[in-house]
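A.B. asks: I'd like to ask some things about the structure below.
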Amino acid sequence: MSCARARAAAILAAVAATGLPFDGQQRHGFSYSVAQAEGQNEAPAGNGKSASEPTLAPVTLSPQRMQSIGVKTGVVEFRPVDDEIRTVGNVEADETRLADVEVRFAGWIQKVYANAMYKVVRQGQPVLTIYSPELVTAEQDYLVAKELLAQGTGPGKHGGWQSLLDASAERLRRLQIPDREIARLKKSGKIRREIEIDSPASGFIIERKAFPNMYVQPGMKLYSVADLSTVWVHAQVFQNDIGRVKVGDPASITVDSYPGQTFPARVSFIWPEVDMATRTAKVRLEIPNPEIKLSLGMFANVHLAVPLGRQLVIPASGMYRSGTRQIAFVDHGDGYFEPRDIETGARAGDDFIVLKGLKAGERVATSANFLLDSESQLQAAMGAFAPPPPGAGAAAAMNAPQVTLEYSSTPSPPRSGSNNFRVKLTGADGAAITGAQVTVTFFMAAMAAMGMAAMRNVATLSEKGGGIYEGPGEVQTGGTWQVTVLAAKAGQTIAQKQFSVTVEGGM
C-alpha cells in the first residue's frame, strides 16, 4: 500500500510540473474511475513491461482539454514503405571508363598536343609525337620485305617474301602503330622519323606525364583519359545499415553546386570490407552524367532508398518511450485513450514499422504523449488506494516537518547505461528520516529533428538505514535530462528536488 501511495505522490508531482491541476476527483478535463483503474491493474501489463515499471490505466479527456494541451492523432495503416539511408560521398571517375596512353617501344617525345590537364580528347586523336630508333628499324624492315616481294620470281619465292612482309606489318601493329601509318608507309615507301600516338578513348585527361624531349620506355603511362559521361560515388554506410542495401537499389545524390537538382543513381557494388576506424562500408553508386555537371572530387549528399515492401506503420510521434517500454495511446473516441505496449521495427521516414500491439485502422495520439503518460500512471496509482478524507492532505502538509534532501550518483555525473543513485533525508532537527518512499525520475523531451521520442526513466530507491536510500537506475542515452527526486511518506510528499543534469555517453 505504501508503495502505491509513493507512486501516486510521484506522479502527482510530475503532473503538477506539467501544469495539469489536480483536485482529487476532477482535473480540468481529466476524469477517472477508481473501479476502472483497479480493473486495469488486474490486466496483464503488456509486452516488455517489467515489474519495476509503472502500471498504466486508460484516460479520458474532455474536448476542451484535448484542445488546450494540443492532443493530435494519426492512423495506423498498411502502405508500401521505403526506408531511407542518408549519408555522404565524393564523385569519382568510373574505373571501367578509364584508358591509359602508353607506348611499347623506347624513344623520345618530340611534340605534345595534349598539353594540359582536363583537356578533352577524342578517340583516335593524336596526343603526341615520338622518335624511336626501334620503330625506324621496324619500318625499314617492312620496306625491305615489300621490295623483295616486288622483285621476287617464282611461286615459292613469292610466297616467302609475302610471309616476310606480313610478319613485318604484324610487328608494327604489335608496337601499336596506327593502321593509317602502316598504310601511308606502304603507299609512300618513305620512313617518317616521328610517329603520332593516338588517344585510345574519348574523355578528359585526368593524369599527364608526357613532356617534350622526355625519354620514354615501353609500358610507361603517359596519360590517363576518363570518360565522365558516367561517374561513381562511394557512399559511406554504417555497418548497422549495410545489411539493408542491395545491388540494384535506387538512390539519388545532391550537390551544393546545383541546389534543387537531384541526380538519379543506382547501387552497383557493395564493398565486402568495413573500415575499422569509422565502422562504415563503401557502397558504390553509378550515376549518369551526360552534361558533365558532376565534377571529380565533388562532395555529394547521398539518399539510399531501401524498399521494405508493404508494412504496418505508425507515425513516429505516436510511439512514446517510457523506460524500456514502447507505448502507444490508442484513441477509442470520445476522448478515451488506452495505453498499449507495442513493438516497433525500423524507422521509415516519419514512421515506424509496427511489429506487435497495433492493427490497421486504429488511431493513436501523436502529440502530448508525456502528459497522457503521466495521467495514465496517476490513474493507475490512484486505483490502488482510497483517497484520504477531505482536508487530511492539507493538514498533513501543514504539520509535515522540514526535510533536507541530498542527492548524489555514482558515477557523477551519471553516464548512459546503469548508474547508482543515493538520497539522504534528514529532518529539521538533523534526525534521519526513515520509512520513506524515494524515486528518481529522468525525463528528456522529444527531439523531432533527430527522430527521437520523449524518454522517461524512473528509479525506485531502497532504504539502507540512517536516512540513506540507494538503488540502481538506467539512463538510456547521453545528453541533458530533467531530474525530479521525490520523497513521500504515508502518501504525503515530504521532500522534492528538481534540476537538470548532463549525462555523459553517446546518443
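The values are calculated or read from the model by the stated rules, or taken from the named source; none is laboratory data. Since the model is a prediction, treat every value here as computed from it, not as a measurement. Here the Cβ positions follow ideal geometry from the backbone for every residue, glycine too, while neighbour counts run over all protein chains shown.
A.B. asks: How many residues does region 247-258 hold that are more than 16 Å from Glu291 (Cα to Cα) and out of contact with any His (no Cβ under 7 Å at 6 or more places or on another chain)?
C.D. replies: Narrowing region 247-258 to residues more than 16 Å from Glu291 (Cα to Cα): 247-252, 256.
From what's left, out of contact with any His (no Cβ under 7 Å at 6 or more places or on another chain): 247-250, 256.
The number of residues fulfilling the criteria is 5.
A.B. asks: If Val475 satisfies every condition in (1) under 18 Å from Ala495 (Cβ atoms); (2) modelled with pLDDT under 95 but one, which is the exception?
C.D. replies: With (1) under 18 Å from Ala495 (Cβ atoms); (2) modelled with pLDDT under 95 applied to Val475, the lone miss is (1).
A.B. asks: Please tell me if Lys157 is farther than 23 Å from Ala99 by Cα and either modelled with pLDDT of 85 or more or out of contact with any strand residue (DSSP E or B) (no Cβ under 7 Å at 6 or more places or on another chain) (or both).
C.D. replies: yes
A.B. asks: Something else about it: Give Ala459, Ala495, Ala490 a once-over and let me know the one that is farther than 17 Å from Ser408 by Cα and out of contact with any Ser or Thr (no Cβ under 6 Å at 6 or more places or on another chain). Write out each step before concluding.
C.D. replies: On the way: Ala459 fails: farther than 17 Å from Ser408 by Cα; Ala495 fails: farther than 17 Å from Ser408 by Cα.
Residue meeting the stated conditions: Ala490.
A.B. asks: Determine whether Thr493 is assigned to a strand (DSSP E or B) and in contact with a helix residue (DSSP H, G or I) (Cβ under 9 Å, 6 or more places away or on another chain).
C.D. replies: Yes; evaluated as a whole, the condition is true for this residue.
A.B. asks: Can you name every residue in region 80-132 that is of a type in the set (Asp, Glu) and under 21 Å from Gly297 (Cα atoms)?
C.D. replies: Glu92, Asp94, Glu95, Asp100
A.B. asks: Looking at region 407-420, I want the residues that are under 17 Å from Thr480 (Cβ atoms) and have a partner that is of a type in the set (S, T, N, Q) and part of a loop (DSSP other than H, G, I, E, B) with Cβ atoms under 8 Å, at least 6 apart or on another chain. Which pairs are those?
C.D. replies: So the pair list comes out as Ser416/Gln476; Ser416/Thr477.
A.B. asks: If I filter region 326-360 down to residues being among the basic types (Lys, Arg) and within 24 Å of Asp83 (Cβ to Cβ), which single residue comes out as modelled with the lowest pLDDT?
C.D. replies: Arg347
A.B. asks: Right, here's the next one. Give the residue, chosen from Gly309, Gly297, that is surrounded by fewer than 16 Cβ atoms within 10 Å (Cβ to Cβ), out of contact with any Gly (no Cβ under 7 Å at 6 or more places or on another chain), touching a residue at least 12 places away in the same chain (Cβ under 8 Å) and assigned to a strand (DSSP E or B).
C.D. replies: Gly309
A.B. asks: Output yes when any residue across region 240-247 is surrounded by fewer than 12 Cβ atoms within 10 Å (Cβ to Cβ), among the aliphatic types (A, V, I, L, M) and under 19 Å from the mean Cα position of the chain (by Cα), and no when none is.
C.D. replies: Yes, region 240-247 has at least one match.
A.B. asks: Something else: Taking Ile327, is it touching a residue at least 40 places away in the same chain (Cβ under 8 Å), crowded, with 20+ Cβ neighbours inside 10 Å and under 23 Å from Glu375 (Cβ atoms)?
C.D. replies: The answer is yes for Ile327.
A.B. asks: Sticking with this one: Do you know which residues across region 253-269 are surrounded by fewer than 15 Cβ atoms within 10 Å (Cβ to Cβ) and in a loop (DSSP other than H, G, I, E, B)?
C.D. replies: Asp256, Ser257, Tyr258, Pro259, Gly260, Gln261, Thr262 - these are the residues of region 253-269 that are surrounded by fewer than 15 Cβ atoms within 10 Å (Cβ to Cβ) and in a loop (DSSP other than H, G, I, E, B).
A.B. asks: Taking region 208-234 as the search range and keeping residues that are β-branched (Val, Ile, Thr) and surrounded by 21 or more Cβ atoms within 10 Å (Cβ to Cβ), which one is farthest from Pro264 (Cα to Cα)? Show your work before the answer.
C.D. replies: From region 208-234, those β-branched (Val, Ile, Thr) are 216, 225, 230-231, 233; that's our starting set.
Applying the additional criterion that residues be surrounded by 21 or more Cβ atoms within 10 Å (Cβ to Cβ) yields 216, 225, 231, 233.
Values: Val216: 43, Val225: 25, Val231: 12, Val233: 12 Å.
In this case the residue turns out to be Val216.
A.B. asks: Would you confirm whether any residue within region 126-143 is out of contact with any Leu (no Cβ under 8 Å at 6 or more places or on another chain) and on the phi > 0 side of the Ramachandran plot?
C.D. replies: No, region 126-143 contains no residue that is out of contact with any Leu (no Cβ under 8 Å at 6 or more places or on another chain) and on the phi > 0 side of the Ramachandran plot.
A.B. asks: Now for a separate question. Identify all residues within region 219-263 that are of a type in the set (Val, Ile, Thr) and under 30 Å from Arg174 (Cα atoms); write none if there are none.
C.D. replies: Val225
Yes/no per residue for (1) assigned to a loop (DSSP other than H, G, I, E, B); (2) aliphatic (A, V, I, L, M); (3) out of contact with any strand residue (DSSP E or B) (no Cβ under 9 Å at 6 or more places or on another chain); (4) modelled with pLDDT of 50 or more:
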position: Ala8; (1), (2), (3), (4): no, yes, no, no
position: Gly19; (1), (2), (3), (4): yes, no, yes, no
position: Asn47; (1), (2), (3), (4): yes, no, no, no
position: Thr55; (1), (2), (3), (4): yes, no, yes, yes
position: Thr60; (1), (2), (3), (4): no, no, no, yes
position: Ser68; (1), (2), (3), (4): no, no, yes, yes
position: Asn90; (1), (2), (3), (4): no, no, no, yes
position: Val101; (1), (2), (3), (4): no, yes, no, yes
position: Arg104; (1), (2), (3), (4): yes, no, yes, yes
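A.B. asks: So in region 330-342, with the set limited to residues that are touching a residue at least 40 places away in the same chain (Cβ under 8 Å) and surrounded by 17 or more Cβ atoms within 10 Å (Cβ to Cβ), which one is nearest to Leu61 (Cα to Cα)?
C.D. replies: Here the residue is Gly335.
A.B. asks: In addition: What number of residues in region 343-361 are surrounded by 18 or more Cβ atoms within 10 Å (Cβ to Cβ), charged (D, E, K, R) and under 24 Å from Ala57 (Cβ atoms)?
C.D. replies: Matching residues across region 343-361 total 0.
A.B. asks: Hey, does region 85-105 have a residue that's out of contact with any Leu (no Cβ under 9 Å at 6 or more places or on another chain) and polar (S, T, N, Q)?
C.D. replies: Looking through region 85-105, at least one residue is out of contact with any Leu (no Cβ under 9 Å at 6 or more places or on another chain) and polar (S, T, N, Q).
A.B. asks: Moving on to the next point. Return the pair list, or none, for Cβ contacts closer than 8 Å from residues in region 268-280 that are assigned by TED's automatic domain parsing to the domain that holds Val237 to residues that are among the acidic types (Asp, Glu) and modelled with pLDDT of 95 or more, at least 6 apart or on different chains.
C.D. replies: Close Cβ pairs satisfying both conditions: Ser268/Glu286.
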